[in-house]
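Data block below; observations after.
The values are calculated or read from the model by the stated rules, or taken from the named source; none is laboratory data. Since the structure is predicted, the reported quantities are computational estimates derived from the model, not experimental observations. Here Cβ is always computed from backbone atoms with ideal geometry, including for glycine, and neighbour counts include all displayed protein chains. SASA here: full protein model, heavy atoms, side chains in, ligands and nucleic acids out. Shrake-Rupley method; radii C 1.70, N 1.55, O 1.52, S 1.80 Å.
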Amino acid sequence: AQRVTQPEKLLSVFKGAPVELKCNYSYSGSPELFWYVQYSRQRLQLLLRHISRESIKGFTADLNKGETSFHLKKPFAQEEDSAMYYCALSGTGFQKLVFGTGTRLLVSP
Amino acid sequence: EPEVTQTPSHQVTQMGQEVILRCVPISNHLYFYWYRQILGQKVEFLVSFYNNEISEKSEIFDDQFSVERPDGSNFTLKIRSTKLEDSAMYFCATRSGTVQGYGYTFGSGTRLTVV
């Protein structure tokens, strides 16, 4: 079974501080991992996918198969980063996305 | 960037009424999904649809729910007899048929309020 765990419900940091949003997963095959961001209950926007290995808005995430983790990082948080962040996993063959419970990031001035 | 369009953005309905939520997927996408998000809770999978049939559904997707692609473009979710607990944000998502394509693209959602 596919499972995504985001242990922190809320992460509160000051502007300019580093951020790490944790995500661990459970899947027996080769997963696709994603990070989605949701601003004020709007649409879910794709932030990162592990296949592309790119940096969006200063965020990066590395898939660690040994630790089954896909943590999201940003070296210097900005106030506009305040949002809900969801880690999600898809199995092979374009299966459904399974979401974690989300972490609310709050960046204070 | 291509978008997934959902209508209506907000629907209020009386308990027991039928509702149809509509989604216009990105034109070359082959895989379609419905998710829901009850206020303050996580995003939950409802159903996936490929090649004009359901490929997977969750335990939430019971007999009161149905999906179809009636005209080859729109992708609809029907709830036959709404209950109070169906109040939620419903998101449509689509994906292309290639791994190199984008990830899952979500629409802006329909906020369903059952009164």
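Points worth noting:
- The charge dipole of the protein assembly as shown, taken about its Cα centre with unit charges on the Cβ atoms of Lys, Arg (+1), Asp and Glu (-1) only, comes to about 340 debye.
- Taken across both chains, chains B and A shield about 2000 Å² of accessible surface from a 1.4 Å probe.
- 19 Å reach of a label modelled at B:V115, 7 Å along Cα-to-Cβ, counting backbone N of the range B:1-31: B:8-20
- 1.4 Å probe accessible area per residue over chain B, in Å²: 49 Å²
- Mean-position separation - Cα centroids, the range A:15-73 and the range B:2-17, in angstrom: 29 Å
- Nearest-20 debye value, chain B charge dipole, Cβ charges on Lys, Arg, Asp, Glu: 180 debye
- Inter-label distance, nm, simple model (7 Å from Cα along the C-beta direction), B:T5/B:N28: 2.0 nm
- Using the Cβ-Cβ distance between A:E80 and A:E54 with R0 = 22 Å, the FRET efficiency computed as 1/(1 + (r/R0)^6) comes to roughly 0.70.
- Loop-resident sites, the range B:1-91, for GluC sites (Glu not before Pro), counting at most 14 other Cβ within 10 Å (DSSP): B:E3, B:E18, B:E59
- In order along the range A:25-35, the phi-based Karplus estimate (6.51 cos²θ - 1.76 cosθ + 1.60, θ = phi - 60°) of 3J(HN,Hα) comes to 9, 9, 6, 7, x, 9, x, 9, 10, 9, 10 Hz; Gly and Pro are listed as x.
- Gyration tensor verdict on the range A:16-105 (Cα atoms; rounded if a/c is under 1.5, prolate if a/b is larger than b/c, oblate otherwise): prolate
- In plain terms, the chain from A:F14 to A:T101 could stretch by 29.0 nm, reckoned as 0.36 nm per residue minus the Cα-Cα distance.
- Members of the range A:78-99 that become less accessible by 30 Å² or more once partner protein chains are added (1.4 angstrom probe, chain alone as reference): A:Y86, A:F94, A:K96, A:L97, A:F99
- B:D63/A:R41 FRET efficiency (R0 30 Å; Cβ-Cβ; nearest 0.05): 0.55
- Extension gain, B:D71-B:E44: 0.36 nm per intervening residue step, less the Cα-Cα distance, totals 7.1 nm.
- Taking the range B:25-115 and dividing mean pair separation by its residue count, relative contact order in percent (alpha carbons under 8 Å, at least six apart): 30 percent
- Calculated FRET value between A:D62 and B:E53, using beta carbons and R₀ = 30 Å, to 0.05: 0.20
- Inter-chain Cβ neighbour average for residues B:87-93, partner chain, 10 Å: 2
- Charging the Cβ of each Asp and Glu at -1 and of each Lys and Arg at +1, and nothing else, the dipole of the range A:29-96 about its Cα centre rounds to 180 debye.
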